[in-house]
Structure formats: structure tokens, C-alpha cells
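The values are calculated or read from the model by the stated rules, or taken from the named source; none is laboratory data. Fair warning: this is a prediction, and the values are worked out from it, not measured in the lab. Positions of Cβ are backbone-derived with ideal geometry, glycine not excepted, and every protein chain shown enters the neighbour counts. Surface areas here come from the heavy atoms of the whole protein model, side chains and all, with no ligands, DNA or RNA. Shrake-Rupley method; radii C 1.70, N 1.55, O 1.52, S 1.80 Å.
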Amino acid sequence: MFSYRHAFHAGNHADVLKHLTLLPTLRHLMQKAAPLTLIDTHAGAGLYRLDSEAAHTSGEAARGVLALRAHIAQQDRPAAALADYLALIASFNPPGAQDWRIYPGSPFLMQRLMSAPERAAVHDRLRLFELHPTDSRALQANVAQLQAGRQISIEAADGFAGLPRLLPPPPGPGGSRRALALIDPSYEIKTDYARVASAIGQALRRFATGVYLVWHPIIPRPEAHGLPRRLKTLATQAGRGWLHVNLNTGSGKSDTGLAASGVFVINPPHTLEPQLRAALPAVLRALGRGPGQGWALETAPAPATRPTRAD
């Protein structure tokens, strides 16, 4: 159950897609001066060394964020979402460093945005779950360095079970309730697919206006193929809009690992689709490796008679 370690995969093409979707979503939500409850159900260790033995063993960051950085450095005007993403990753490394040694996971990217000077006074909260004992201890140690106090809470617990009890989130000043939840398990056991769908179903029943991001692998397994369909059905039944984006880097002659993944967003901000469409062609040019490469994006709006998102 605990064989998966994200240290081998940090900064790969799946992280690029996940964070390229997460960051503009958060940027949009944070334009409103009302607090957010941010939830990461599978937080991992939070920070990863790109110069570690694990990273060198897999080489995934070299074919992921590092390849993207090199490609974008040759462009005069990269897409705004790409420039923002790479600038944030750079901010975790020494200024002007030629070699990036640190890759921040989703918890640290979320914390960086919520603690920015223009946002800090709003008092967002970050709720993290990580069940893997080694990664949970690493997450605790990494977060302790932030000295964030009660702004961040960590539970060495099952994020699937923990998510429903955080919804609906506590009201902010004026009574508004706002939340974003990221669900990105390893899917190392096939029951994760059903648990993702169950968690989203519960979340929508408890707090339909929350923003929910689900990362998923694209692999030849019935459960993987069926998950996006189940999420579309759940969103449609709840009367919510959705966005689904896929990235397939293709397969080189010696590649054996994951080549494609997707992110499904329920209640996406209206600004997300154009930002992804502007960014993904350059991502594919940088990361494409062989036959089958491509990207796809589809959306479905919420009914006009209902509020479409919690932004």
C-alpha cells in the first residue's frame, strides 16, 4: 500500500499539468478578498530534492519541469500561466540558479500564494492529509520550517475520509464559505478510482459550490478509463460546470513509465480554459517524446440558472 514515493516523480509531466492547472485556478479565486479553505488530500512530503538519488534514478524531472524551463527560456513571450508557474518554482531555488534543486509540491505552492503580502491579511487556511508514514513525517518537518502556526494543519490520516468533515468550510467575514480541494492519490491500488468518485460525490452533496481538482493517470485500465466519465456524471447531476484537460507526452523507445495524465476540475473559474489553451502547445513542444503525444481540453458550463463557481 505504501510503495509509492513521489520523490521519484517530482517535477515530471504530470506535476507540470497538475500545477499548471492549480495555480491559475487559485490566482483567480484569490482575487476576492474572502478567505479560502484549501485542502490537499494526498499532500506527500511537500518539498522534493531534484538532486536526490531518487530524482536522478527516474530522470522524470529532467524530462518534465527542467525541460520545460529550458524550452521557455528561448521564448520572448511565454503564456502567462507558464511564466507564473516557472517563476514560482524558481522562487524556491537560489536567485539565478542554473540548476534547480528544489521542486515544491502542491502544499507549498498553495502556501506560497496564500502567504503573499497582498493575500496574507485574508487569513486563508491550508488543511493537509498524508497517510504514508515516511512522507507524513517529512511533510511535518518541511512545514515546520514555515512557522505558519495555525494557518496550516497536517493529519497523518486518510485524506478521502478527512475531506467530507472539512465541508462545508467555516464562514469568513460576511458569511461567505469558500473552498478548494485537490485530490491526487497515487492510484497504486485500483480502489483509489472508486474512492475518488465517492469523495467527489460526498463533497458535492455537502458543499456544491466548492472548487474540486482531481488529478488522474491515463493508463490502459478500465477503472482509469471510467473515472473521468464518472466525474462528469457527478458534476452534471449536481448542476455544476466542469473542465477536463489531458496531456500525453508520447512514448520514447526506452520509456516504460507514465506518459499521460489528466486533471478534472469541478466549478472551474472562467479564466482557466483560455489560460490552459494558451500554455499547453508550448508544454507539448517541450515535453513531447514520441508517438501518441498531444493534449485535449473539454468543458461543460453549469446551468445558467445556478451560480457556476465559488469565486
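Miscellaneous remarks
- Residues of the stretch 185-196 classified as open to solvent by 20 Å² or more (accessible area, probe 1.4 Å) and either assigned to a helix (DSSP H, G or I) or modelled with pLDDT of 95 or more (or both), total: 3
- Residue that is surrounded by the fewest Cβ atoms within 10 Å (Cβ to Cβ), among those in the stretch 28-40 that are outside any strand (DSSP E or B) and among the aliphatic types (A, V, I, L, M): 33
- In the stretch 117-145, the qualifying residues are those that are farther than 12 Å from residue 39 by Cα and in contact with a strand residue (DSSP E or B) (Cβ under 7 Å, 6 or more places away or on another chain), and the one that is surrounded by the fewest Cβ atoms within 10 Å (Cβ to Cβ) is 140.
- Output for the stretch 117-163, where each listed residue is assigned to a strand (DSSP E or B) and of a type outside the set (Asp, Glu): 125, 126, 127, 128, 129, 152, 153, 154
- The residues listed here are 274, 220; of these, the one that is more than 27 Å from residue 39 (Cα to Cα), free of Cβ contacts under 8 Å to residues at least 60 places away in the same chain and either open to solvent by 20 Å² or more (accessible area, probe 1.4 Å) or not β-branched (Val, Ile, Thr) (or both) is 220.
- Complete set of residues in the stretch 145-169 that are more than 20 Å from the chain's Cα centre (by Cα) and polar (S, T, N, Q): 145, 147
- Filter result (modelled with pLDDT under 95 and either open to solvent by 40 Å² or more (accessible area, probe 1.4 Å) or in contact with a helix residue (DSSP H, G or I) (Cβ under 9 Å, 6 or more places away or on another chain) (or both)) within the stretch 277-300: 289, 291, 292
- Residues that are more than 21 Å from residue 199 (Cβ to Cβ), open to solvent by 10 Å² or more (accessible area, probe 1.4 Å) and in contact (Cβ under 8 Å) with a residue 24 or more places away in the chain, drawn from the stretch 247-271: 248, 251, 252, 253, 255, 257, 258, 259, 270, 271
- Taking the criterion of being closer than 13 Å to residue 142 by Cβ and either buried (at least 24 other Cβ atoms within 10 Å of the Cβ) or among the basic types (Lys, Arg) (or both), the residues of the stretch 41-53 that qualify are 43, 44, 45, 46, 48, 49.
- Only one of the numbered conditions (1) modelled with pLDDT of 95 or more; (2) not in a loop (DSSP other than H, G, I, E, B) is violated by residue 57, and that is (1).
- Scanning the stretch 90-116 for residues that are over 20 Å from residue 42 (Cβ atoms) and in a helix (DSSP H, G or I), we see that the one that is least open to solvent (accessible area, probe 1.4 Å) is 90.
- Any hit, the stretch 158-179, residues being open to solvent by 30 Å² or more (accessible area, probe 1.4 Å), over 24 Å from residue 225 (Cβ atoms), touching a Lys or Arg at 6+ places or on another chain (Cβ under 7 Å) and touching a residue at least 12 places away in the same chain (Cβ under 8 Å): yes
- The residue pairs whose first member lies in the stretch 63-82 and is without any contact (Cβ under 8 Å) to a residue 60 or more places away in the chain, whose second member is open to solvent by less than 10 Å² (accessible area, probe 1.4 Å), and whose beta carbons are closer than 6 Å, counting only pairs six or more residues apart or on different chains, are 65/11; 65/16.
- Scanning the stretch 288-305 for residues that are closer than 16 Å to residue 270 by Cα, among the small types (Gly, Ala, Ser), touching a residue at least 24 places away in the same chain (Cβ under 8 Å) and in a loop (DSSP other than H, G, I, E, B) yields one hit, 302.
- Looking only at the stretch 60-89, and only at residues there that are outside any helix (DSSP H, G or I) and among the small types (Gly, Ala, Ser), the one that is nearest to residue 277 (Cα to Cα): 79
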